[in-house]
1. Return the residues of segment 128-172 that are touching a helix residue (DSSP H, G or I) at 6+ places or on another chain (Cβ under 7 Å) and in a loop (DSSP other than H, G, I, E, B); say none if nothing qualifies.
2. Could you please give the count of residues in segment 74-95 that are modelled with pLDDT under 85 and under 19 Å from residue 237 (Cα atoms)?
3. Starting from segment 482-496, keep only residues that are assigned by TED's automatic domain parsing to the domain that holds residue 736, then list their pairs with residues that are in a loop (DSSP other than H, G, I, E, B) and surrounded by fewer than 24 Cβ atoms within 10 Å (Cβ to Cβ) whose Cβ atoms are within a distance under 6 Å, requiring at least 6 positions of separation or different chains.
4. Looking at segment 266-298, which of its residues are touching a helix residue (DSSP H, G or I) at 6+ places or on another chain (Cβ under 6 Å) and modelled with pLDDT under 90?
5. Do you know which residues across segment 12-58 are under 27 Å from residue 681 (Cα atoms) and without any contact (Cβ under 8 Å) to a residue 60 or more places away in the chain?
6. Could you look through segment 729-741, keep only residues that are touching a helix residue (DSSP H, G or I) at 6+ places or on another chain (Cβ under 9 Å) and not in a helix (DSSP H, G or I), and pick out the one that is surrounded by the fewest Cβ atoms within 10 Å (Cβ to Cβ)?
7. Limited to segment 329-361, what total is found for residues that are assigned to a helix (DSSP H, G or I) and surrounded by 20 or more Cβ atoms within 10 Å (Cβ to Cβ)?
8. Name the residue that is nearest to residue 650 (Cα to Cα), counting only residues in segment 225-253 that are modelled with pLDDT of 95 or more and surrounded by fewer than 24 Cβ atoms within 10 Å (Cβ to Cβ).
């Protein structure tokens, strides 16, 4: 039955009163504007002393890991300012002097707060006390830690294990993530969704099939050894700004850079390193040598075209192919039989351009390919990433210096979470090892990922939702459906540092448990503790917070997990897990990790070394491929793409420059020249003219999927250089238009980068 839904403001950012303003798009990333923005944000949030001390300590050997992205730090020496503009904003946000204390929550009802913008919510300061929103109440009230744990335990104890979901974000440390998954599995479930399900799950699935490991195969120093770096479906200037330093250094070492994206992003044009006065005052470094304007969802066809150039020109590395790969003949036939007309139509790129770039790839002696969510959030994301893997295998560009596959992760420890067992479908070896370590009953059923968790809550198969970090309501697709699912729960628990929208969309009872931040001193167990994280390139290293906690009532994540676990066990029966001991001695947690997870030998010793240590990576380290064939697999996939009908557009969601994941710092996008508004839709000028639309016209956007349509109102058109038939909107505002059941094949990732929409004047 057809169903039409109008978006409600309570679960997403409310409508904006003012029309946004335009300025010319910035042609240079970083430089003086980044310095000014960083200083302004730090000083306004933390003051001078805290700004200087926090910024000095970030990403240092004896400091704390940046709570922003997962881009790696140099293995050797560190600069005096080893951070980027967005990392500085994340640090300043955590170190803010403002407090969202019990007085704040008594002043504002949940309904009133839901009508505030994400920027406003984020600006209210750090949480200071455990809070409870009782059934029928409009206000959160303070509650003791013991009473909060008791409510959680009383709700969970009678449940069958799979009626609870344990979500986590990528800012959680290795130690806390390990404890979190242990709590879930002690409870008896594999319901462990995480933010990776919404971003790089497609990368993990694709690479596991292709090369036998769901991670990249490069180190940071490979960038300066490369001949060619391909950056596709990624905006480093906003989402991974420190990557621009690596690209600058690579250019200076003689590398070429090719950017592939529907949008020409500022960071890929020119970069002025903020720590180099000559660059700040001078011209900077041009990053991209070539920019390929691919249509939205045209990447798989484009990379097939590059492969066709190599195969038909006999540029393959046959020695590598014969020794280390399987399935080449089938893939070669697939490539040769793909007509150029199909490649060009699906990619939106003409043959001459594909051939020119393909020849650059053919000539390269060492090629790196980097990608992010621009590739991972389509229905055909897994085949697209496998097409990239196929291309690099053709040239032998896996397992050698200056070359390899490089999925660029978002949250600072999202890769570490997965390594620690945050996985709804864990392998049997990990589970068996965990069971041997703790003597708990093995959960046999595959758990829920993020999309399936929402479906289960909608079907009332899950009644308790626990979240350690993150902002699930704003991160997930189909905001209306997600909000309804959450409200179906009897209890929702959020372990958080600051107010966010997930605190306002709750089950019958909502609990907020405030935790320490990455920058803060952790004296659990009466002694200074440190945690570890894993970056995008598989380096595990320590992080030591040094700042005083924002409140004496805060607890560490490990301490909170332990408190929940012990309260539950009082009601369901004790295990032999020494929760309190683990929470008070992180060395004991790491000792357990060493016994359970391969690659962590001498964990405590190696984590104390400056720079940490690399986890084993067989494809990178020894050209060993733990796949079903024992070799790297060429995987042929039929080309796919989405074509819209007349009157429709293909929408992708993007981030603004002053945003990190779901956290909105300001309503500006400096690099794209958009100020004072986020409910905007970027559109090609020809599409505007054909529909008689002018810039700043107000429109509604409607998506339709599975006989259900959702309409979101009050969007402003912005003229932008984007392929015809394609539009772009910011998330989380546009998440409401991403259908819950529109997911990537195999990975179940929401298709946030390819949503078919209609646009109507209002």
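The values are calculated or read from the model by the stated rules, or taken from the named source; none is laboratory data. These numbers come from a predicted model, not from an experiment. Neighbour counts run over all protein chains shown; Cβ positions are idealised from the backbone, glycine included.
1. The answer is 129, 130, 138, 139, 140, 157, 169, 170, 172.
2. If we filter segment 74-95 for residues that are modelled with pLDDT under 85, which is where we start, we get 74, 76-88.
Then drop every residue that is not under 19 Å from residue 237 (Cα atoms), which leaves 74, 81-88.
The total comes to 9.
3. Between residues of segment 482-496 that are assigned by TED's automatic domain parsing to the domain that holds residue 736 and residues that are in a loop (DSSP other than H, G, I, E, B) and surrounded by fewer than 24 Cβ atoms within 10 Å (Cβ to Cβ), there is no close pair.
4. 266, 267, 271, 272, 273, 274, 280, 285, 287, 288 - these are the residues of segment 266-298 that are touching a helix residue (DSSP H, G or I) at 6+ places or on another chain (Cβ under 6 Å) and modelled with pLDDT under 90.
5. Selection gives 17 alone.
6. Taking the candidates together, the pick is 741.
7. Kept after step one, since they are assigned to a helix (DSSP H, G or I), are these residues of segment 329-361: 329-336, 340-347, 351-361.
Add one more test, that the residue is surrounded by 20 or more Cβ atoms within 10 Å (Cβ to Cβ), and what stays is 331, 334-335, 343, 346-347, 354, 357-358, 361.
Of the residues in that region, 10 qualify.
8. Among those residues, the one meeting the criterion is 232.
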